[in-house]
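*Asks:* Sharing a structure below in structure tokens format, with a few things to ask.
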Amino acid sequence: MPEFDVAIVGLGAMGAAAAYQLAKRGVRVIGFDRHHPPHTLGSSHGETRVTRLAIGEGDHLTPLVMRSHKLWREIERETGASLLSEVGGLIVSSHSNAAVTHVAGFFQKTVAAAERFGIAHELLTAANIRARWPQLKVRDDEFGYFEPSAGFVRPEECVRAQLALAQKNGADVRANETVLGFEPAPDCVRITSDKGTYSAGKLIVAAGPWLPQLLGARYMRVFKIYRQVQFWFELHDIAPFRPERFPIFIWELQNSKQGLYGFPAIDGVRAIKVASEQFESTTTPDTVNREVSTEEIAAMRALIAPHLEGVGPHCVKATTCLYTVTPDFGFVIDTHPDSKRVILASPCSGHGFKHSPAIGEALADLALGQPPRFDLAPFRLSSRAW
Ligand SMILES: Cc1cc2nc3c(=O)[nH]c(=O)nc-3n(C[C@H](O)[C@H](O)[C@H](O)COP(=O)(O)OP(=O)(O)OC[C@H]3O[C@@H](n4cnc5c(N)ncnc54)[C@H](O)[C@@H]3O)c2cc1C
């Protein structure tokens, strides 16, 4: 008989959600993290993550985020934490946009998803956008999609709250313990860490950007790691950027291969977070340069200056973060090709956080052999062209 029903490697967004969902169901669960989550070395930090209900990256994802919004409210009630702020979300695009957000036709696919799932939204002209948010310097041929139920979640608080609930429900949470390897046996999975050996009926591997190195060379070409930078720029005046007046935005720019996204000024701090995405050069969590250079800050300053009114040139802080990206920009939630006892969870590709509580629930279902609430076929490794 294994010591635990389920073990989890990695207690970031996905592992923390799975630990909570499993512990809530009364199973014996143990979770390991090489650091002390929430921390700033993986993919789940930087104060805010965009959430939106109409998901342009694929219709199979909208039910996940809808469920996640419900779960966040449940976790907020349980813990008293503030996790989800539905401040509204604006996507700006145009027929001549040069930037692509995750998938081709992202804007049109988002509108189609909103219509299909009955998600309240407005389609706006450039004049409408300028009238409502003069902070955004849109061009005459740009247009927008506004979703009132979009907004942001607080990644560190989400991880902290779910780990606290997991522990309250009996989960064994081991921080600062690195899993070195695992070996499936006929009746269990044996897990070796830098502090001991353990056995569990099932193992969930939710190691974020460390996933490929834990799984081995065969997976390096499937999961590519990209360094991203999040910047906070000082505002001339906080008032127009407070969450009551300013939404999250995603902007498919016309004159740049990079898009731009940003958040309102939160917690009374006179600065907004803005970021872009790069998919030019890959890295690893152990070798990545975690310093942000003055050249990178200057490049972001140059990107925002023509687009945002009221944002000053001073960068208050900047932090690096890691994307784990699959070739089709999708997620992997599947059993390991070599063992049904091992479940792989890599829901990132730069847009996974908003789905994390529902994914935690699906991982718990998979681990316990229960029918998942959602169709997980689109997340299978085996069904993908690559
Ligand atoms: C800059 C940036 C912006 C993003 N913006 C958005 C957004 O706006 N909206 C959105 O929905 N998503 C967004 N994402 C994606 C989202 O944040 C990720 O999908 C999500 O954080 C991935 O969570 P994870 O649990 O897979 O990884 P992580 O949170 O990194 O967790 C993995 C954990 O595994 C641990 N670990 C690794 N190896 C081991 C080991 N051997 N032993 C023990 N522990 C181990 C690590 O310490 C880590 O805590 C963004 C990501 C980044 C980087």
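The values are calculated or read from the model by the stated rules, or taken from the named source; none is laboratory data. Keep in mind it's a predicted model, so treat the numbers as computed, not measured. Cβ atoms come from the backbone with ideal geometry, glycine included; neighbour counts cover every protein chain shown. Note: accessible area is taken over every heavy atom of the protein model, side chains too, but ligands, DNA and RNA are not part of it. Shrake-Rupley method; radii C 1.70, N 1.55, O 1.52, S 1.80 Å.
*Asks:* As a check on your grasp of the helix formula, calculate [θ] at 222 nm for the chain: sum -39500 (n - 2.57) over DSSP H runs of n ≥ 4, divide by the residue count, round to the nearest 500.
*Replies:* The helix contribution divided over the chain gives -7500 deg cm²/dmol.
*Asks:* How big, in percent, is the set of alpha carbon pairs in the stretch 98-163 lying more than 18 Å apart?
*Replies:* 55
*Asks:* Also, quick follow-up: Give me the net charge of V138's neighbourhood, meaning all other residues with Cβ under 12 Å from the Cβ of V138; Lys, Arg count +1, Asp, Glu -1.
*Replies:* Value of the local net charge: -1.
*Asks:* Using a 7 Å offset from the Cα along the Cα-to-Cβ direction at both R270 and K340, what is the distance between the two label points in nm, to one decimal?
*Replies:* The answer from the label model is 6.2 nm.
*Asks:* Right, here's the next one. Taking 0.36 nm per residue of sequence separation and subtracting the Cα-Cα distance, how much length would be gained by fully extending the chain between V316 and M66, in nm to one decimal?
*Replies:* Full extension of this stretch gives 86.6 nm more.
*Asks:* Here is a follow-up. Determine by what factor the alpha-carbon radius of gyration of the stretch 215-362 differs from 2.2 N^0.38 Å, reporting the quotient.
*Replies:* 1.22
*Asks:* Specify the residue with the greatest mean-square fluctuation among P243, P313, P155, computed from a Gaussian network of the chain linking alpha-carbon atoms under 10 Å apart.
*Replies:* Checking each option, the largest mean-square fluctuation is seen for P313.
*Asks:* Quick one: accessible area per residue over the chain, 1.4 Å probe, rounded to a whole number of Å²?
*Replies:* I get 40 Å² per residue for the chain.
*Asks:* Let me ask you something else. Taking only the Cα atoms of the stretch 216-279, how large is their convex hull per residue, in Å³?
*Replies:* Enclosed volume per residue, from the Cα hull, is 127 Å³.
*Asks:* Ranked highest first by average number of other Cβ atoms within 10 Å, how do 352-365, 73-86 line up?
*Replies:* Highest mean packing first, the order is 352-365, 73-86.
*Asks:* Still on this structure: What aspartates and glutamates sit close enough to K109 to cross-link, taking a C-alpha to C-alpha distance under 18 Å and skipping anything fewer than 8 places away on the same chain?
*Replies:* List returned: E57, D59, E122, E142, E147, E252, D328.
*Asks:* Suppose we keep just the DSSP beta bridges with both residues in the chain; what percent of those would be antiparallel, to 5?
*Replies:* 75
*Asks:* Another one. If R₀ is 45 angstrom, what is the calculated FRET efficiency for the pair A131 and A217, using the beta carbon separation as r and rounding to 0.05?
*Replies:* Here the calculated transfer efficiency is 0.25.
*Asks:* Would you kindly calculate the mean projected area, averaged across all directions, of the convex hull enclosing the Cα atoms of the stretch 1-157, in square nanometres?
*Replies:* Mean shadow area of the hull around the Cα atoms is 11.9 nm².
*Asks:* Something else now. Suppose each label sits 7 Å from its Cα in the direction of the beta carbon; what would the E296-A98 distance come out to in nanometres?
*Replies:* 2.2
*Asks:* Still on this structure, please answer the following. Take the Cβ-Cβ distance between K195 and E74 as r, set R0 to 35 Å, and report the resulting FRET efficiency rounded to the nearest 0.05.
*Replies:* It comes to 0.60.
*Asks:* Now a separate question. Taking 0.36 nm per residue of separation and subtracting the Cα-Cα distance, what length does fully extending D59 through Q108 add?
*Replies:* Taking 0.36 nm per residue and subtracting the Cα distance, the gain is 16.4 nm.
*Asks:* Could I ask something else about it? Over the Cα atoms of the stretch 275-386, compute the convex hull volume and normalise it per residue, giving Å³.
*Replies:* 167
*Asks:* Over the chain, with every protein chain in place, what whole percent of the accessible area is carbon and sulfur at 1.4 Å, could you tell me?
*Replies:* That fraction is 52 percent.
*Asks:* Here is a further query. Over the chain, calculate the relative contact order: mean separation of alpha carbon pairs under 8 Å at least 6 apart, over the residue count, as a percent.
*Replies:* 25
*Asks:* Sorted by mean Cβ packing within 10 Å, highest first, what order do the peptides 294-306, 272-284 take?
*Replies:* Answer by packing, highest mean first, reads 272-284, 294-306.
*Asks:* Can you compute the modelled spin-label distance between S382 and D328, with each label point 7 Å from Cα toward Cβ, in nm?
*Replies:* 1.5
*Asks:* To two decimal places, what compactness ratio does the stretch 310-364 give when its Cα radius of gyration is scaled by 2.2 N^0.38 Å?
*Replies:* 1.63
*Asks:* Give me the one-decimal Kirkwood hydrodynamic radius in Å for the chain, with the sum taken over alpha-carbon pairs.
*Replies:* So the Kirkwood estimate lands at 21.3 Å.
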